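The values are calculated or read from the model by the stated rules, or taken from the named source; none is laboratory data. Values in this document were obtained by computation on a predicted structure and should not be read as measured data. Every residue, glycine among them, receives a Cβ derived from its backbone with ideal geometry; neighbour counts consider all protein chains shown.
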């Protein structure tokens, strides 16, 4: 778990062999720690070895948060923290797939899926939060001599204060075991992710511009017929996003489906690129006249304006509607 500056494994070891006052002292001196419990889910991806398919996309995306992190490393860390159990609870109160302590979550938890809540038990929030925290502690110990990856993991587990105090990985057996166990698991996790996932390819310039615009609207409410700038429906968001990229699209999904670039094969997912539009029949349409559309971000993630009562947000494919057609508006760009 992340430390309140540290993580559950070292704290658990202290609890097992000494009084609670030592734990309090450890946290007070060295900072926060994190750790928790998890639950299950089904996803567009098949399970990648021990990685549940529902989490593959989020791990692929969040694992690129900074240069010190990688998807395989993040997957190995989540396995070590909770065994990928989103409802995990540790003896010292750490929660979720990334085993955050509530105090650490209060300052470092993120709303990863844009639903307006940062939920410690929601992997869509906890996975990018863990990645962001990894990168935060990596920066905090960047001036400490040693391997940046080992120092980052040690800081996540024992707290950046401990790493700075010892000028390296602290001499705590649990922290050292935590670091070595994760590093040993990285090759297998990387191979599993590679075999299970649709790679996140680089977005074209037009697609990147459209995605950047759409990300700027995360959290805006869905209002049927709205055209922005503070409320959207699914097709108006797509239209405005691509307008920002210099690509003109019709207003409605019924018209967009045949005027938004070439159709892309539904399978394999590796054929899809960031910026592609994912059309679904929706509640008021058919495959030929779709009632819903979202923007594919790569890595099993879709940004869309879902329905009345919801907000513009990012979801994984397993939480999106059944995709009936994929198009590529970026191919229409003349820039």
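Listed values, structure above:
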{"quantity": "Residue under evaluation residue 112, criteria (1) farther than 28 Å from residue 294 by Cβ; (2) buried (at least 21 other Cβ atoms within 10 Å of the Cβ); (3) modelled with pLDDT under 95, criterion not met", "calculated": "(1)"}
{"quantity": "Some residue of segment 77-92 being under 15 Å from residue 178 (Cβ atoms), outside the structural domain of residue 313 (by TED's automatic domain parsing), under 15 Å from the mean Cα position of the chain (by Cα) and buried (at least 24 other Cβ atoms within 10 Å of the Cβ)", "calculated": "yes"}
{"quantity": "Helices (runs of 4 or more DSSP H) lying entirely in segment 72-173 (those with 1 or more residues that are in contact with a strand residue (DSSP E or B) (Cβ under 6 Å, 6 or more places away or on another chain), in contact (Cβ under 8 Å) with a residue 12 or more places away in the chain and closer than 24 Å to residue 50 by Cβ)", "calculated": "123-140, 148-158"}
{"quantity": "Among residues of segment 277-300, those that are within 16 Å of residue 213 (Cβ to Cβ) and touching a helix residue (DSSP H, G or I) at 6+ places or on another chain (Cβ under 8 Å), counted", "calculated": "5"}
